Amino acid sequence: MMLVLLQQVINGVSIGAIYSLLAVGYALVYSVYNFTNWAFDGFMAFGAFMGFAAIGSLAMPFWLAMIFSMILTAILSILSEKLAYAPLRVRQAPRLFMMISAMGVNLAVVNTLNKTFSGVMRRFPIPDEWITTYDFGEISIGRMDILAAIIAFVCLALLWWFLFRTRWGLGVRVSSIDIDTAALMGVSNNKVAFIIFFATGVLSSVAGVFFGIKYAVYPLMGGAVTIKAMIASIVGGLGSLPGAVLGSLLLGVLETMVSGYVSSAYRDVFAFALLIILLLFFPNGLMGREKGEKL
Amino acid sequence: MKPANKLRKTVIGLVTAAAVAAGLGILVKIMGAGYFQNILILVGITLIATLGVAVLTGYTGLFTIGHAGFMAVGGYMAALLAKEAQVPFFYAVLGGGVFAGLTSFIIGYPAFRSRLRGDYFAIATLGFAEAIRLILNNVRQIGSITLGGAYGYMDLPTLDGSIWSWLPKGGWGPVIVVMAFALVIFFLTHAFVVSQWGKTCIAVGQDEVAAQMMGVNLMTTKMMALFISALYAGLAGGLMAFYYGYLTPGFFMITRSSDLLAGVVFGGMQSVIGPTITSAVLVAVPEGLRTFAEYRLIVYGLFFVVMMVFRPQGLMGYYRMDFSILGRLWRRREPAKAGGR
């Protein structure tokens, strides 16, 4: 009984690690620009497809394919910022417009993938011998699950190092407090935007590749995951990076618990119920800053 | 615009509308009625739901991408009422709409209470829609009622002119019913928007803090806007149930919510006539051109961005409903005058 529980927790952490990549991306964009980048859904699928194509068509090894996918997704992310958000950001448009613009980027990316690659589900082309499990007594853990969790935490650690131990990271943190004052102090807004959208592009590509390995690669793959990553980032407190990681791990564990003990069909319903209940009792999320709408 | 000038434009606009209607009539004769009846019904249904999104997103500034969920709730409720409880068509649709409006409180209250509007609320609507769809996908049976899960809720009574005996039998009956609904909703929405209640919604949409200082209760205003828009979506869902004669959870995917949002964003964020026109176009064009339908969502997406960057107020901007808009289409190049539109 305890062993089953432990197994579920471990599976939950491995899913939660993938969510946390996306949730941190949401938190990062939100902390500086105060809007939710709805386009991660598309970026994630794009990253997975690029990894898929790099291995399938260009015969790259896995690590090279990952870097290939990261770079292309980061380029797409920065491009979307330049074309869709920067003009709005510059004229200080209402957040509603930013969200609609992001929604537009998402619709365009997902449906372009859908047209070019068709909607069928594909297996991510990794060598068969990689798909093994390690057994610890009665607990068994999939090798790719471990790899996903490790790479996710390495990415998060790198991001943390970057934000808290470098000058550029300081610029991002300062901008998250007040972007206009930061600009007055000589922090280039464009550079901050570049960094943020580069980082979130890379994170969503990693999430896409590992989600593709765990389940399948298809254009609409991002839909359900990104909703849950958003929920996780709200649960942790919008705009809070440690909150996003905490929320993701909680949500991942809750999900595997629900699918293990209740019903896998209603897994996502529980995720949503968690959001509603949490909003009732912790309106700012678990680790969110205590503040209302920014003026 | 001077009143006399406006009157002239209105007359010209009405004539234009009549000419368009006559042209459509001729097209119907040429291309066959059945095809147009289907398009008109779909336009009417989409229009009702789109106006709901217009009230919520356009006027009150609350971004929603989950109105398909309210359509599903309204549709299934109306279908249940009509099929299992033999409630007459009209009351079944109304009941579905009101029920959808009431369920909106489930997401409205916690989301509005937390004071952060945009993102929380949008995700809550999205999550709500997905949760509803998942539940409907998995519930096959409630007691003696067969909902059918993913296969769909089958054998519903259909809209075939037998609802009211005086309606024409056959093809045009449902069109008249749906269009009557759409017209009533259209004028109700217009009346709402120019009323005191509508003005508080606009105030909240423009600046919450300023509105609150003027004595607007944010919670009730937002709840009201959400209730109205969910009610409309529910009515649209009910009409859909009786038009198709069956319902499946697949009708209520995220793409449907995107379509509704597209109608409002393209038509004008603070306009009733704008979303009306664009939602008609957005339904009719993909129905007419199947090749366009496949690329529709890519085009919508790019258009969302282009609109927000270059013309965030939408094609119709802040125009009020009146026919002088159509009249102005014929405007000759007049020498520019200072002041006034």
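Which one of these is within 8 Å of another protein chain (Cβ to nearest Cβ), touching a Gly at 6+ places or on another chain (Cβ under 6 Å) and either small (Gly, Ala, Ser) or without any contact (Cβ under 8 Å) to a residue 60 or more places away in the chain (or both): B:GLY127, B:GLY75, B:GLY61, B:GLY97?
B:GLY61
Mind telling me which of the residues A:LYS191, A:LYS214 ends up being surrounded by fewer than 23 Cβ atoms within 10 Å (Cβ to Cβ) and either within 14 Å of chain B (Cβ to nearest Cβ) or without any contact (Cβ under 8 Å) to a residue 40 or more places away in the chain (or both)?
A:LYS191
Report yes if A:VAL206 is more than 14 Å from chain B (Cβ to nearest Cβ), modelled with pLDDT of 90 or more and crowded, with 24+ Cβ neighbours inside 10 Å, otherwise no.
Here the answer is yes, as A:VAL206 does meet what is asked.
Which one is farthest from the chain's Cα centre (by Cα), of the residues in region A:72-103 that are among the β-branched types (Val, Ile, Thr) and either in a loop (DSSP other than H, G, I, E, B) or buried (at least 18 other Cβ atoms within 10 Å of the Cβ) (or both)?
Residue satisfying both the conditions and the ranking: A:ILE100.
Output yes when any residue across region A:76-89 is at pLDDT 90 or above, away from every other protein chain (no Cβ under 14 Å) and closer than 25 Å to A:TYR215 by Cβ, and no when none is.
The answer is yes; a qualifying residue exists.
Determine if region B:87-94 includes at least one residue that is hydrophobic (A, V, I, L, M, F, W, C), facing another protein chain (nearest Cβ under 7 Å), closer than 19 Å to B:THR248 by Cα and crowded, with 20+ Cβ neighbours inside 10 Å. I'd like the intermediate steps shown before the answer.
Of all residues in region B:87-94, those hydrophobic (A, V, I, L, M, F, W, C) come to B:87, B:89-90, B:92-94.
From what is left, the residues that are facing another protein chain (nearest Cβ under 7 Å) are none.
No, that holds for no residue.
Sort out for me the helices (runs of 4 or more DSSP H) sitting completely within region B:222-315 that have 1 or more residues that are within 11 Å of chain A (Cβ to nearest Cβ) and surrounded by 17 or more Cβ atoms within 10 Å (Cβ to Cβ).
Because the criterion is at least 1 residues that are within 11 Å of chain A (Cβ to nearest Cβ) and surrounded by 17 or more Cβ atoms within 10 Å (Cβ to Cβ), the helices (runs of 4 or more DSSP H) in region B:222-315 that meet it are B:254-267, B:290-310.
Among the numbered conditions (1) more than 13 Å from chain B (Cβ to nearest Cβ); (2) modelled with pLDDT of 90 or more, tell me where A:SER140 comes up short.
(2)
Would you check which residues across region B:116-156 are of a type in the set (A, V, I, L, M), more than 22 Å from the chain's Cα centre (by Cα), surrounded by 17 or more Cβ atoms within 10 Å (Cβ to Cβ) and more than 24 Å from B:GLN86 (Cβ to Cβ) and list them?
Within region B:116-156, B:LEU116, B:LEU134, B:ILE135 meet the criteria.
Do any residues in region A:249-273 that are under 18 Å from A:ALA229 (Cβ atoms) have Cβ atoms under 8 Å from those of residues that are at pLDDT below 85 and among the basic types (Lys, Arg), where the two are at least six apart or on different chains, and which pairs are they?
A:GLU255/A:ARG267; A:VAL258/A:ARG267; A:SER259/A:ARG267
Which members of region A:26-66 meet the condition of being of a type outside the set (A, V, I, L, M), outside any loop (DSSP other than H, G, I, E, B) and either within 14 Å of another protein chain (Cβ to nearest Cβ) or without any contact (Cβ under 8 Å) to a residue 12 or more places away in the chain (or both)? Lay out the reasoning, then the answer.
Taking region A:26-66 as the starting set, the residues that turn out to be of a type outside the set (A, V, I, L, M) are A:26, A:30-31, A:33-38, A:40-43, A:46-47, A:49, A:51-52, A:56-57, A:61-63.
Okay, now just the ones that are also outside any loop (DSSP other than H, G, I, E, B), so A:26, A:30-31, A:33, A:40-43, A:46-47, A:49, A:51-52, A:56, A:62-63.
Residues satisfying the conditions are A:TYR26, A:TYR30, A:SER31, A:TYR33, A:PHE40, A:ASP41, A:GLY42, A:PHE43, A:PHE46, A:TRP63.
Name the pairs: first residue in region A:110-128 and within 14 Å of chain B (Cβ to nearest Cβ) and among the small types (Gly, Ala, Ser), second residue buried (at least 16 other Cβ atoms within 10 Å of the Cβ) and outside any helix (DSSP H, G or I), Cβ to Cβ under 7 Å, at least 6 apart or on different chains?
A:GLY119/A:TYR218
Take region A:235-285 and flag every residue that is within 12 Å of another protein chain (Cβ to nearest Cβ) and of a type in the set (Gly, Ala, Ser).
A:GLY237, A:GLY239, A:SER263, A:SER264, A:ALA265, A:ALA271, A:ALA273, A:GLY285
The values are calculated or read from the model by the stated rules, or taken from the named source; none is laboratory data. This is a predicted model, so every value here is computed, not measured. We place every Cβ from the backbone using ideal geometry, glycine too, and count neighbours over all the protein chains shown.
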